[in-house]
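The values are calculated or read from the model by the stated rules, or taken from the named source; none is laboratory data. Bear in mind that the values here come from a model prediction, so they are computed numbers and not experimental data. We place every Cβ from the backbone using ideal geometry, glycine too, and count neighbours over all the protein chains shown.
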Amino acid sequence: MKTVLVVDDDVDIRESVGMILRINGYRVITAVDADDCLDKLQSETPDLILLDIMMPGKPITDIVKQVTDIKIVFMSIVRESDAKNKGLCEQSNVVDFLQKPFNLNDLVSKVETLLNKEV
Amino acid sequence: MLIDLDDEGFDLKKLVFSKINRKLTFLFVIVALIAPILGIYYFYIIANSTLSEALFADQGDLIRIVAIAIIVIIAVDAGFVGFFVSRSISKPIKKLYMATKEVEKGNYDIRIDINTNDEIEELGNAFNRTTAALGKMDKERREIDRAKTEFLSITSHELRTPMTPMKAQLQMLEEGYFGKLSKEQKESLSIIIRNADRLDKIIVDFLEISRIEAARLKFDFTRTDLRKIVKDTASFMKGFAKEKNIDLVVNTGKFPLIEVDPDRVSQVLRNLISNAIKFSENNSKIEISAKAKEDHILLSVKDYGYGMTPEDQVRVFEPFYQVDSALRRRHGGTGLGLAICRGIVEAQKGKIWVESIVGEGSTFYFTVPLKPVRKIEPIKVLFSQKSVIERKIREEFKTILGPLGVGEFNELKNKNALSKDDIFEYIDSLTEHYILECDRGLYFKNKIGGIFGDKKGVINNEKDTFIQNG
């Protein structure tokens, strides 16, 4: 079973995304911010990280810099072009961008294609 | 910032012909002439009566010459003294004048330094205090303005955050993640989802407006074939036009590749086309065209729909302005689309406007400059034309009806009768009761019509009927 790490400071988003992915047959772990995410990565190696790019606390660039071997999908309320302007999408393991509020089917199909390709 | 007169350069002509200089110098010369003339006149009389006749006759010419010479020398001296004394007054006044001009331009940091130790120095100090107070007010106004935009931006982001889990849960329900739904449940759910989408759209529009107002609107300029953008946008919108069987006709001239943000042009076009579709009848057509002009490209979207009154044409770019509330309610939409279009176009120093005739349709125009504007300036989008229009109407009432006009204006305003038709009716009643001559009435109507966006000549037609009616 593939594991997805969902990082978002909003509890309802964590739970909703977690629910959708669990029903679709993934194992889901969650983290509330960058620090928590790095903690979780000590003990877990997820196949994919869904990462909110605007969270209080440590900047997410810390995660992106440290985690180079796991695919990351950004989730954000701002548009992709705005995120790009902030120089966030340059790392090669950042593979996709989910504009919030996302369409359920988009989320599922994105995760599916990303994780199946790896096999 | 201190005013320095020397910066202005030395202008002898200005200096000599300063009115204060002239007046004071003249005054000095007059005073200086009267005193020696009187003095010498008395001396002359005394000399005449005391000196022996022979001696006086002998020395008379010399005395006269010396007397005239003394008078002339004193007059010239007085002129100089007067000139420099007056300059000490006119110089600080000139300083004050230049500082006031700076304030007029909106520079409230200006301070003047006058050390004359008199009333003019006091005036200068008062001026400094006034500009300081004005500067403070201006700063506060800017801060409030910025706070408004900031508030809009933060609120929109905060409002958008809960939309994400809400929509996710709704979609899971809809997709049957939690079990099969009955027909009624599905219907209820689709209404909730539709309105969640609508709410989200409004929030997105608010975010866009906050970006425009804070000059944070992003433009990604690339060399673009605008014709392709127009064609692509039109074919994208064909899907929406199909429902009403509306034909989208694209008509573009030839023009070179220009540097623009294709997404922004497309965004404005999409908005205008979707509006045109909304306000068109079934089975009609919409013409989209692009023409190269001297320093810009002129794009237009023409429909054969309901059209707009002149007042609507002026105010249609205001946020939430309802052209026809019944129509809008039927078609939905946030009421912010055109306001956003205006913001995007004006951020590129372009123009956007509409020409329309009721019952015949409307044409929206906007321009895209051939050279991109990289320095984006803030644009006020959340701004109503209503107060501007009312102020203009009030001015016209005042100029045409005199002091009474303001009272009349207020009365109409209280009755909520400030639409163009209401005012025309009011003017008609004035002419009917011979309070206003026909010519004046027409002039008045022309002025009011102009405020509501009437072109000259529209009302001239009415002139004929007016004359026929006597």
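Worth a mention:
- Restricting attention to the stretch B:23-44, the residues that are among the aromatic types (F, W, Y) and free of Cβ contacts under 8 Å to residues at least 24 places away in the same chain total 3.
- Residues that are of a type in the set (S, T, Y) and under 29 Å from B:G176 (Cα atoms) occur at least once in the stretch A:24-38.
- Among the residues of the stretch B:125-137, those that are within 31 Å of the chain's Cα centre (by Cα) and either more than 11 Å from B:A99 (Cβ to Cβ) or small (G, A, S) (or both) comprise B:A126, B:R129, B:A132, B:A133, B:L134, B:G135, B:K136, B:M137.
- Of all residues in the stretch B:207-229, those satisfying the criterion of being within 16 Å of B:S266 (Cβ to Cβ), out of contact with any Leu (no Cβ under 9 Å at 6 or more places or on another chain) and more than 14 Å from chain A (Cβ to nearest Cβ) are B:R227, B:K228.
- B:I112 vs. criteria crowded, with 17+ Cβ neighbours inside 10 Å, at pLDDT below 85 and among the β-branched types (V, I, T): no
- In the set (1) exposed (fewer than 15 other Cβ atoms within 10 Å of the Cβ); (2) in contact with a Phe, Trp or Tyr (Cβ under 8 Å, 6 or more places away or on another chain), the condition left unmet by B:E175 is number (2).
- Applying the criterion of being assigned to a helix (DSSP H, G or I) and farther than 19 Å from B:R194 by Cβ to the residues of the stretch B:152-180, the residue that is nearest to the other protein chains (Cβ to nearest Cβ) is B:H157.
- Of the set (1) modelled with pLDDT under 85; (2) surrounded by fewer than 12 Cβ atoms within 10 Å (Cβ to Cβ), all apply to B:I37 but (2).
- Within the stretch A:1-12, if we keep just the residues that are without any contact (Cβ under 8 Å) to a residue 40 or more places away in the chain and either surrounded by 16 or more Cβ atoms within 10 Å (Cβ to Cβ) or not in a loop (DSSP other than H, G, I, E, B) (or both), the residue that is farthest from the other protein chains (Cβ to nearest Cβ) turns out to be A:V11.
- Flag for B:K398 being at pLDDT 85 or above and basic (K, R): no
- Scanning the stretch B:232-256 for residues that are of a type in the set (G, A, S) and either part of a loop (DSSP other than H, G, I, E, B) or exposed (fewer than 14 other Cβ atoms within 10 Å of the Cβ) (or both) returns B:S235, B:G239, B:G253.
- Inspection of the stretch B:334-348 identifies no residue that is at pLDDT below 85, surrounded by fewer than 16 Cβ atoms within 10 Å (Cβ to Cβ) and under 19 Å from B:D205 (Cβ atoms).
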